[in-house]
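Engineer: Handing you a structure now.
The values are calculated or read from the model by the stated rules, or taken from the named source; none is laboratory data. Every value quoted in this text rests on a predicted model; they were computed, and no experiment measured them. These area figures cover heavy atoms from the full protein model, side chains too; ligands, DNA and RNA do not enter into them. Shrake-Rupley method; radii C 1.70, N 1.55, O 1.52, S 1.80 Å.
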Amino acid sequence: MEQSVERDIMANSASNDYSKYGIRDVPKYTKTTALGKTKTFAGLFGKEWIFLIVSMINILTAISLTLYRMIIVINEKDSQSPDFTFTLLLLINSGFCIFYVLHGIMRERIFELYAFMAAILVVVMYCVLEYFVFNPSKQSTVKLVRLVLACVLAPPNIALAYFVSKNFGYLEFRIVGASPHLQRLYRQAGLFSCLLKFDLQAACSIVILALKDGTKVSLLETVSLAIGIPYSLFWCLLGWVSLKRELKSGAVVFAIFGLIKPCYYLFKIIREYIELKDEKVPTKDSIVYSLIAAVSLGLLVWFMLMIELVFVYKNFDQGLQERTRLFASETSRLLGEKRWSARGENSNL
């Protein structure tokens, strides 16, 4: 963090010293976007660049192998195989991994890198279980290559994410300053935002696993797809807006709508358990056990999110929103003065 602050001071001083001479080659390490303050690629350290490149190579490799396996499953037209569901599940989780890497690095969200580490473990777990437990009769070279790569590349990727997250603090200092109180509020808001995304990831995984074989969709599964994912997106967006705007009424509505999720999760667990015990109902143990595990994880994330909502709600009107607005207004004012100064210099010429 000290290196980051020193670098920012040097950049600002360089800009102040040479901008009057028309020299504008000083790199910008941060920029203000609609989502808030974020780093630029010029603002990344060497360790962060290594983590970004390694992570993207690993994720894109996993996506390529999974897509190849999905095409094979579709061409085989084997409705009894759960491979389609698992490949779709891996693609969804890989997409979230890409988001965690990019958003976590560019906005220095430490909890999103922790979520990325958890997502890696989930992907590795699915690769191992699918190869050895869920569908051992249909082991293939593609599955084996994917499994080996996941087991070999996952540990160093997790280690890189951990070490990179320990150097975060540059943007936090730029946004909220040195106040310990505001820093605590900022970190709790970051944890709540991360749990929102992780909850959305768990909800999407549960809906995908509810498809069972994935090639034949029943009426109930169609309803789950049509309502479950849009509802999860709406709930996540409602929580994010309520957090960013510090809307107490929005947080209350968010909590009320959130009660639907555990009810659905409990319904799925009970229903799947009953069907698993009923010999008359054909079930695939691999899908059922994965669904029960995903629902259990979804309940845990939902519970943590609700607890964090209480802390975030109490933090409303404590100065965090005012500080971020002040920062944004100061940035806009400085940019305006710079543009006005440049316009005056051009007119004098």
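Engineer: From the Cα gyration tensor of the stretch 67-189, with a ≥ b ≥ c the square roots of its eigenvalues, which class applies: rounded if a/c is under 1.5, or else prolate if a/b is larger than b/c, or else oblate?
Structural biologist: Since a/c reaches 1.5 and a/b is larger than b/c, the shape of the stretch 67-189 is classed as prolate.
Engineer: Taking H as built 1.01 Å from N, whose amide H comes closer than 5 Å to the amide H of Thr30, not counting residues under 5 places away?
Structural biologist: Long-range HN contacts for Thr30: Thr40.
Engineer: Oh, and also: From the mean inverse distance of alpha carbon pairs (Kirkwood) and the Cα radius of gyration, derive Rg over Rh for the stretch 57-108.
Structural biologist: 1.13
Engineer: When only the heavy atoms of the protein chains count and the probe is 1.4 Å, how do Tyr186, Tyr68 rank by accessible area, highest first?
Structural biologist: Final ranking, largest accessible area leading: Tyr68, Tyr186.
Engineer: Using a 1.4 angstrom probe and counting only protein chains, how large is the accessible area of Arg184 in Å², to 10?
Structural biologist: Its accessible surface works out to 100 Å², give or take rounding.
Engineer: When the chain is fully extended, how far beyond the present Cα-Cα distance does Gln139 get from Phe173, taking 0.36 nm per residue of separation?
Structural biologist: Going from the current span to full extension adds 7.2 nm.
Engineer: Longer than 28 Å from Cα to Cα, which of Lys47/Lys248; Lys166/Lys261; Lys261/Lys314; Lys28/Lys248 are they? Say none if no pair is.
Structural biologist: Table pairs above 28 Å Cα-Cα are Lys47/Lys248; Lys166/Lys261; Lys28/Lys248.
Engineer: A further question follows. Taking all protein chains together and a probe of 1.4 Å, list Leu291, Leu153, Leu91 from the most accessible to the least accessible.
Structural biologist: Sorted descending by solvent-accessible area, the residues read Leu153, Leu91, Leu291.
Engineer: With every protein chain kept in the model, how would you rank Tyr264, Tyr231, Tyr126, Tyr100 by accessible area, 1.4 Å probe, largest at the top?
Structural biologist: Sorted by accessible area, descending: Tyr264, Tyr231, Tyr126, Tyr100.
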